[in-house]
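> After the structure tokens below, expect a handful of questions from me.
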Amino acid sequence: MSLYLDNFGRPSGVLPPIDISWIHPDNEDVVKEVDLMVGSGIPGPPRHYHWKLSWLVATTEDGLVHRRIEIVREIERDHLTNWGPYTKIGPVISANTHLHTIGALNLSQRRELERIAEQEPVRVPNGEWNCQDWIISVLQKAVQAGLFTRAECQSAIHKAGWKGDF
């Protein structure tokens, strides 16, 4: 049996998250900070917090537009899904969300980070592996690709409560 789900866990008949990159493309070749977003809305230890990567694409009258990299649990599914990077508008910071800057990337580097995340598989549920492990794997590959330093990643993940190795 495989350790990974087919098709990145994307269930047939389920639509991906709404992506507004066609309205607000991330196409400016400028350096942008990439953050580790940690949502702590669910009571429990830091291991239960949701992690995603994010960077600002635009500011509009409707809110902030961010590019996001994450895996999510679909309604009525017992596994996580990698839909690939997408762009979303709306509040990023709430009382239960914390940002930890990892580093700054130019456009080609951000696209490489997106390619890494798009190709990152999702594990079969085992009761232990979660979005944090997935982000750690993406960040490890980003370090190998020279996008971030090991120290940058370690600083952000330790501030987020990560207790494992990197």
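The values are calculated or read from the model by the stated rules, or taken from the named source; none is laboratory data. Predicted model, so just to flag it, every value in this text is computed and none were measured. So basically every Cβ, Gly included, is an ideal-geometry build from the backbone, and we count neighbours across all protein chains shown. Heads up: the accessible areas ignore ligands, DNA and RNA and are worked out on the full protein's heavy atoms, side chains in. Shrake-Rupley method; radii C 1.70, N 1.55, O 1.52, S 1.80 Å.
> Scan (1) charged (D, E, K, R); (2) within 29 Å of residue 7 (Cβ to Cβ); (3) loosely packed, with under 14 Cβ neighbours inside 10 Å for the single condition residue 150 breaks and write down its number.
Going through (1) charged (D, E, K, R); (2) within 29 Å of residue 7 (Cβ to Cβ); (3) loosely packed, with under 14 Cβ neighbours inside 10 Å one by one, residue 150 breaks only (2).
> Another one. Taking the range 18-57 as the search range and keeping residues that are modelled with pLDDT under 95, among the small types (Gly, Ala, Ser) and surrounded by 13 or more Cβ atoms within 10 Å (Cβ to Cβ), which one is nearest to residue 83 (Cα to Cα)?
The residue in question is 39.
> Among the residues of the range 156-166, count how many are touching a residue at least 40 places away in the same chain (Cβ under 8 Å) and assigned to a helix (DSSP H, G or I).
3
> Out of the residues in the range 126-147 that are part of a helix (DSSP H, G or I) and open to solvent by 20 Å² or more (accessible area, probe 1.4 Å), which is nearest to residue 163 (Cα to Cα)?
133
> How about the range 14-125: which strands (runs of 3 or more DSSP E) wholly inside it have at least 2 residues that are without any contact (Cβ under 8 Å) to a residue 12 or more places away in the chain, under 13 Å from the mean Cα position of the chain (by Cα) and farther than 22 Å from residue 159 by Cβ?
Those strands (runs of 3 or more DSSP E) do not exist here; none qualify.
> Sticking with this structure for a sec: Please work out if residue 69 is of a type outside the set (Ser, Thr, Tyr) and in contact with a Phe, Trp or Tyr (Cβ under 7 Å, 6 or more places away or on another chain).
no
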